[in-house]
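Report on the following structure.
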Amino acid sequence: QVQLVESGGGLVQAGGSLRLSCAASGRTFANYAMGWFRQAPTKEREFVAAVSRSGLYTNYADSVKGRFTISRDNAKNTVYLQMNTLKPEDTASYYCALGHAGSISQQYDYWGQGTQVTVSS
C-alpha cells in the first residue's frame, strides 16, 4: 500500500496563502498522476487540481483556477498545492490522491488522511 501524508494546513485570514504538501512512499511515485480533492462539512468531496506524471500538465477546478497551483517533485516523492488569495469557501479538509489523473475520485487508487484548511473572514 502506498502511504500518502498531507501537511501544511492551518488557519489563515481571507486573502492569505498556504502551501500544502503530500509526501508519498514507494519508488513508483513518478508512474502516477496526483490530485488534490477537498471536502467541507456536510458537503461532497470535490476535485481541486491534478498534475500529470511528468508534472508538465495540470488541471484545475473552475473555483480555484488562477489562485491555486499544483506541482510535483518526483525526486522527493512529493506533490504540492500552493493556495493564494484564499476565501472562506475554501475551508475544507484537503486530501491528496495518487492514481490516473482526471477530475473524479474513482480515477485515484490511494488517498491521504487529509489536512484541515480554515479560512476566516
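Which of the residues belonging to the range 78-100 are within 14 Å of the chain's Cα centre (by Cα) and under 19 Å from S25 (Cα atoms)?
Of all residues in the range 78-100, those within 14 Å of the chain's Cα centre (by Cα) come to 78-84, 90-99.
Answer for the range 78-100, where residues must be within 14 Å of the chain's Cα centre (by Cα) and under 19 Å from S25 (Cα atoms): T78, V79, Y80, L81, Y94, Y95, C96, A97, L98, G99.
If I ask for residues that are surrounded by fewer than 21 Cβ atoms within 10 Å (Cβ to Cβ) and either in a loop (DSSP other than H, G, I, E, B) or among the acidic types (D, E) (or both), which ones from the range 86-108 would you list? Steps first, answer last, please.
From the range 86-108, those surrounded by fewer than 21 Cβ atoms within 10 Å (Cβ to Cβ) are 87-89, 91, 93, 99-107; that's our starting set.
Selection gives K87, E89, T91, H100, A101, G102, S103, I104.
Report yes if some residue within the range 67-76 is on the phi > 0 side of the Ramachandran plot and either touching a residue at least 40 places away in the same chain (Cβ under 8 Å) or not in a helix (DSSP H, G or I) (or both); otherwise report no.
no
Which residues, taken from the range 1-17, are of a type in the set (A, V, I, L, M), open to solvent by 30 Å² or more (accessible area, probe 1.4 Å) and not in a loop (DSSP other than H, G, I, E, B)?
We begin by selecting, within the range 1-17, every residue of a type in the set (A, V, I, L, M); these are 2, 4-5, 11-12, 14.
Subset that is open to solvent by 30 Å² or more (accessible area, probe 1.4 Å): 5, 11, 14.
Result: V5, L11.
Give the residue that is farthest from M83 (Cα to Cα), with candidates limited to residues of the range 11-42 that are modelled with pLDDT of 95 or more and among the charged types (D, E, K, R).
Checking each candidate, the answer is R38.
Output the residue which, of all residues in the range 18-39 that are closer than 20 Å to T69 by Cα and polar (S, T, N, Q), is least open to solvent (accessible area, probe 1.4 Å).
Just the residues of the range 18-39 that are closer than 20 Å to T69 by Cα, to begin with: 18-24, 29-30, 32-39.
Right, trim to polar (S, T, N, Q) and you get 21, 39.
Numbers: S21: 26, Q39: 70 Å².
My answer is S21.
Looking at the range 69-80, can you tell me whether even one residue there is more than 24 Å from L11 (Cβ to Cβ) and open to solvent by 70 Å² or more (accessible area, probe 1.4 Å)?
yes
Restricting attention to the range 40-68, which residues are of a type in the set (S, T, Y) and either open to solvent by less than 100 Å² (accessible area, probe 1.4 Å) or touching a His at 6+ places or on another chain (Cβ under 6 Å) (or both)? Let's see the steps before the verdict.
Applying the first criterion (of a type in the set (S, T, Y)) to the range 40-68 yields 42, 52, 54, 57-58, 60, 63.
Scanning the range 40-68 gives S52, S54, T58, Y60, S63.
Checking T42 against (1) touching a residue at least 12 places away in the same chain (Cβ under 8 Å); (2) at positive phi, only one condition comes out false. Which one?
Of everything listed in (1) touching a residue at least 12 places away in the same chain (Cβ under 8 Å); (2) at positive phi, T42 misses just condition (1).
Just wondering, is there one or more residues in the range 30-38 that are free of Cβ contacts under 8 Å to residues at least 60 places away in the same chain and touching a helix residue (DSSP H, G or I) at 6+ places or on another chain (Cβ under 6 Å)?
yes
The values are calculated or read from the model by the stated rules, or taken from the named source; none is laboratory data. Fair warning: this is a prediction, and the values are worked out from it, not measured in the lab. Cβ coordinates were reconstructed from backbone atoms using ideal geometry, including for glycine residues, and neighbour counts include every protein chain displayed. All accessible areas refer to the heavy atoms of the entire protein, side chains included, with ligands and DNA or RNA removed. Shrake-Rupley method; radii C 1.70, N 1.55, O 1.52, S 1.80 Å.
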